[in-house]
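Here's the structure we're looking at; comments come further down.
The values are calculated or read from the model by the stated rules, or taken from the named source; none is laboratory data. Source: prediction; values computed, not measured. Reconstructed Cβ throughout: ideal geometry from the backbone, glycine too, with neighbour counts over all protein chains shown.
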Amino acid sequence: MKNSHSSILLKLLFLQYLSVLCVSQSFDFFYFVQQWPGSYCDTKQSCCYPTTGKPAADFGIHGLWPNYQDGSYPSNCDPDSPFKQSEISDLRSSMQRNWPTLACPSGSGIQFWTHEWEKHGTCSESVLDQHGYFETALNLKNKANILQALTRAGIQPDGKSYSLSSIKDSIKVAIGYTPWIECNVDGSGNSQLYQVYLCVDTSGSGLIECPVFPRGKCGSSIEFPVF
Ligand code: 5GP
Ligand code: 5GP
């Protein structure tokens, strides 16, 4: 009798240990990355509008990427969890508006979202399932309106150049957190505003100051191309 009690206790302890293993997340924070379509099109020398039409002249989501404090990151964490359109059918029209694909040839977005889910989303499955992952990114875009932050400070997508510090400051003022700016280079060698990185806590619900910034540098004055 005593023996069977202790074996049940052992089993319970083991189950508890397994559940801790399962829910413990294996990353430290997310980068939430938004891309400026005008710069994507300039760098690639070309881009293709999605089959649903030219996207709005707004930043679009690139991805929500689990990351480690030391700057490294996990990727392609679960080959057994393929992207399933049926799980996000209610989000589809919002995804088309807020997470459009610009890669060629023109696509509906499914390939881009599949890539982002499989490479990055599967690494935060311990906290967000597929629906939760995409919904979280869409909610973050509402909280972090980069174009509004910039235009309020007089920084517009007009092909002119703006100081990197004014771009960062205007985002910090409007959104409350310091962004990291990724630049690219257009056909004539100008540094352009390409992607804006903000950091998010492991639950995906709140912005945080970035524990670490990616590497790379922009010029001190960068172009904000028309789209
Ligand atoms: P690139 O080499 O063009 O900077 O990045 C290529 C891809 O690698 C990105 O689109 C993204 O999927 C991944 N990547 C690059 N840098 C980071 C990073 O700092 N953190 C994470 N999580 N992914 C990154
Ligand atoms: P990452 O750089 O996130 O690892 O990979 C992005 C992948 O998604 C690339 O294979 C790229 O061709 C594809 N892709 C499709 N549409 C887009 C888009 O609008 N922007 C970016 N950056 N990549 C896209």
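Those helices (runs of 4 or more DSSP H) of region 110-173 in which 3 or more residues are within 18 Å of Gly38 (Cβ to Cβ) and touching a residue at least 24 places away in the same chain (Cβ under 8 Å) occupy 146-152.
Scanning region 94-131 for residues that are away from ligand 1 (no atom under 15 Å from the Cβ), among the small types (Gly, Ala, Ser), touching a helix residue (DSSP H, G or I) at 6+ places or on another chain (Cβ under 9 Å) and farther than 16 Å from Asp78 by Cα returns Ser94, Ser108, Gly109.
Has region 81-91 got any residue that is within 16 Å of ligand 1 (Cβ to nearest atom), within 15 Å of Tyr133 (Cβ to Cβ), crowded, with 17+ Cβ neighbours inside 10 Å and in contact (Cβ under 8 Å) with a residue 24 or more places away in the chain? Checked against the condition, which is being within 16 Å of ligand 1 (Cβ to nearest atom), within 15 Å of Tyr133 (Cβ to Cβ), crowded, with 17+ Cβ neighbours inside 10 Å and in contact (Cβ under 8 Å) with a residue 24 or more places away in the chain, region 81-91 yields at least one hit. Residue pairs whose Cβ atoms lie under 9 Å apart, separated by 6 or more positions or on different chains, with the first residue in region 56-69 and away from ligand 1 (no atom under 13 Å from the Cβ) and the second assigned to a strand (DSSP E or B) and among the aliphatic types (A, V, I, L, M), are Phe59/Val196. One residue stands out in region 29-46 among those that are at pLDDT 95 or above and more than 15 Å from ligand 1 (Cβ to nearest atom): the one that is farthest from Gly60 (Cα to Cα), namely Gly38. Select from region 50-72 the residues that are more than 15 Å from the chain's Cα centre (by Cα) and near ligand 2 (Cβ under 10 Å from one of its atoms) and write down the one among them that is farthest from Glu116 (Cα to Cα). Top of the filtered list is Pro55.
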